[in-house]
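One structure is given below, encoded as structure tokens.
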Amino acid sequence: MCAILDNDVCGEVFGNKRTPAGTGFLDWLDSSGHLVSGGQNKRELDGNSTFQVWWQQATLAGRTTLINQSKVNQLQQQLEDKQECRSNDAHIIALARISGARLLYSNDRDLTDDFRDRGLVPNPRGRVYSTNVTQDFNPQRRNLLRQSRCQKPRSRTPKAHVGQG
């Protein structure tokens, strides 16, 4: 399972005053995690220069996936037109549905409710990494990250054929 980072907690991971939970999340991303972004979410996160540098390095290391902006925008618009979300974060729900990511780091309670709503984010159910109650990197958070594996994208580069020569 891949993760989505909501802009409301970007500072906890990439800011000057990182929380223990934010540091644990970043350590997970740098070791075995995978971050998905695209559309409005990517534009919001790019407002943090530390995130931008990390994204470039993580992309080279194969730890990120950038989802097509027009696909995210199109589904976001459909969700907004139908007024299906409680939150004002239809772009996050669209990103989850398109990417298959089922772990969200956010402290937005309305978005948390939307992300856990199986009508909005179908199986497997969405899980939320939040620091609303405590900012510790506790065993529950470690477990959540440990269980949140992301399948590596298949290489699209054709294998080289060894010719006789």
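The values are calculated or read from the model by the stated rules, or taken from the named source; none is laboratory data. None of these values were measured; they are calculated from a predicted model. All Cβ positions, glycine included, derive from the backbone under ideal geometry; neighbour counts span all protein chains shown. Each accessible area value is taken on the protein alone, full model and side chains, heavy atoms only, with ligands, DNA and RNA left out. Shrake-Rupley method; radii C 1.70, N 1.55, O 1.52, S 1.80 Å.
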With the dipole of segment 7-133 defined by +1 on each Lys or Arg Cβ and -1 on each Asp or Glu Cβ, the option from G62, G39, I98 whose Cα lies farthest towards the positive pole is G62
Please get the size of the charge dipole for the chain, origin at its Cα centre, with Cβ charges of +1 on Lys and Arg and -1 on Asp and Glu, quoted in debye to the nearest 20. 880
Regression test value, accessible area per residue of the chain, probe 1.4 Å, units Å², expected 57
Counting sequence-distant residues (5 or more places) and residues on other chains, those with an amide H built under 5 Å from that of Y129 are L104, Y105, S106
So how do 31-44, 86-99, 53-66 stack up, highest first, on mean other-Cβ count within 10 Å? 86-99, 31-44, 53-66
Using alpha carbons only, how many angstrom separate the centre of segment 1-73 from the centre of segment 87-146? 14
At 222 nm, what helix-only mean residue ellipticity would the chain give, in deg cm²/dmol to the nearest 500, using -39500 (n - 2.57) for each DSSP H run of four or more? -13500 deg cm²/dmol
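Across the chain, how many lysine pairs, 8 or more apart or on two chains, come within less than 22 Å at their alpha-carbon atoms?
5
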